[in-house]
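To keep things clear, I will list the structure first and then write my remarks on it.
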Amino acid sequence: MNEKDNSAENKEDIKISIIIPAHNEEKYIGKCLASISKASKLFENQVEIIVVLNRCTDRTEEIAKSYNCIVIRNDDKNLSKIRNAGVEKARGEIIVTIDADTQMNEHLLSKVEENLMSGKYIGGGVTGKFDRMSLGIFVSSLLLIGPLLFKYGAISVGIFWCYKEDFKSINGFNEDMLMAEDADFAKRLKEWGKKKGKKFGTIQNGMITSTRKFDKHGDWVLLKRPKMILAYLKGKDQKYADEAYYENQDR
């Protein structure tokens, strides 16, 4: 992408801005971006992808530019700040956040637009599946989902979608949260929706996400390390946040 392509002076009528935080994601981001390209076919010239480069030392930026993404930089070890920085750059009225190791299905963006234009939904999340499954992954997932469900209520995370004005109304992702910031965001978006007479929506089976954390630490990791679950519940432990989100990909 050249400077002209990367400029906010582009006159295209952007409807959807997709935000991707990326810390050394060369192994995964290509599949993520390819999935977004398929999902964007019905929105020609109306979708922008903003990749927020976070201290990358690999080919993440090169791959992002090969898909004509807008690239910006944020060096914080804080996913909330990274995502919020991407939204600040966004020109679309609809915000979608997705992780670099996740792929959306080809109908997801159409479903997002349909849900928001219906006026029934404030926004919401997405359910999906891991790229592989085992008994250990299933048990580890339950060990995390149970406590988070108790603390944050019935929500869905994965990929988020809402109007930018509503994202701004709840002040985006909470930058005091280092972990479980997605659950916190979902809870606040749901509460904001209730005030406006709208529901928090869940798009079913809309994504596939990687099992890289299980691949590295073992499928039974959360059974063996209950302190990690407590760290997710607290949300403010830098040591565990670094391990969960950053150190896994550091060279």
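A few comments on the model shown:
- The number of residues in the stretch 99-132 that are in contact (Cβ under 8 Å) with a residue 24 or more places away in the chain, surrounded by fewer than 16 Cβ atoms within 10 Å (Cβ to Cβ), closer than 16 Å to Gly201 by Cα and of a type outside the set (Gly, Ala, Ser) comes to 3.
- Apart from one condition, Leu135 fits all of (1) open to solvent by 60 Å² or more (accessible area, probe 1.4 Å); (2) without any contact (Cβ under 8 Å) to a residue 40 or more places away in the chain; the exception is (2).
- Taken over the stretch 183-211, the criterion of being assigned to a helix (DSSP H, G or I) and open to solvent by 50 Å² or more (accessible area, probe 1.4 Å) is satisfied by Lys187, Arg188, Lys190, Glu191, Trp192, Lys194, Lys195.
- Tally of residues being of a type outside the set (Gly, Ala, Ser), open to solvent by less than 10 Å² (accessible area, probe 1.4 Å) and within 20 Å of Tyr245 (Cβ to Cβ) across the stretch 81-95: 2
- Hey, Phe138 in contact with a Lys or Arg (Cβ under 6 Å, 6 or more places away or on another chain) and of a type in the set (Phe, Trp, Tyr) or not: no
- Restricting attention to the stretch 29-43, the residues that are open to solvent by less than 70 Å² (accessible area, probe 1.4 Å) and of a type outside the set (Gly, Ala, Ser) total 5.
- Here Met179 fulfils each of the conditions (1) touching a residue at least 60 places away in the same chain (Cβ under 8 Å); (2) in contact with a Phe, Trp or Tyr (Cβ under 6 Å, 6 or more places away or on another chain); (3) outside any loop (DSSP other than H, G, I, E, B); (4) not charged (D, E, K, R) apart from (3).
- Of all the listed residues (Lys129, Lys81), the sole one being out of contact with any strand residue (DSSP E or B) (no Cβ under 7 Å at 6 or more places or on another chain) and of a type outside the set (Asp, Glu) is Lys81.
- Qualifying residue in the stretch 149-160 (condition: at pLDDT below 95, farther than 19 Å from Ile208 by Cβ and among the small types (Gly, Ala, Ser)): yes
- Residue in the stretch 229-236 that is buried (at least 16 other Cβ atoms within 10 Å of the Cβ), out of contact with any helix residue (DSSP H, G or I) (no Cβ under 7 Å at 6 or more places or on another chain), assigned to a loop (DSSP other than H, G, I, E, B) and touching a residue at least 60 places away in the same chain (Cβ under 8 Å) present: no
- Matching residues, the stretch 44-57, being surrounded by fewer than 16 Cβ atoms within 10 Å (Cβ to Cβ) and not polar (S, T, N, Q): Glu44, Arg55
- Looking only at the stretch 161-191, and only at residues there that are at negative phi and among the small types (Gly, Ala, Ser), the one that is modelled with the lowest pLDDT: Ala183
The values are calculated or read from the model by the stated rules, or taken from the named source; none is laboratory data. Every value quoted in this text rests on a predicted model; they were computed, and no experiment measured them. Every residue, glycine among them, receives a Cβ derived from its backbone with ideal geometry; neighbour counts consider all protein chains shown. The protein model used for the area step is the full one, side chains on, heavy atoms only, and it has no ligands, DNA or RNA in it. Shrake-Rupley method; radii C 1.70, N 1.55, O 1.52, S 1.80 Å.
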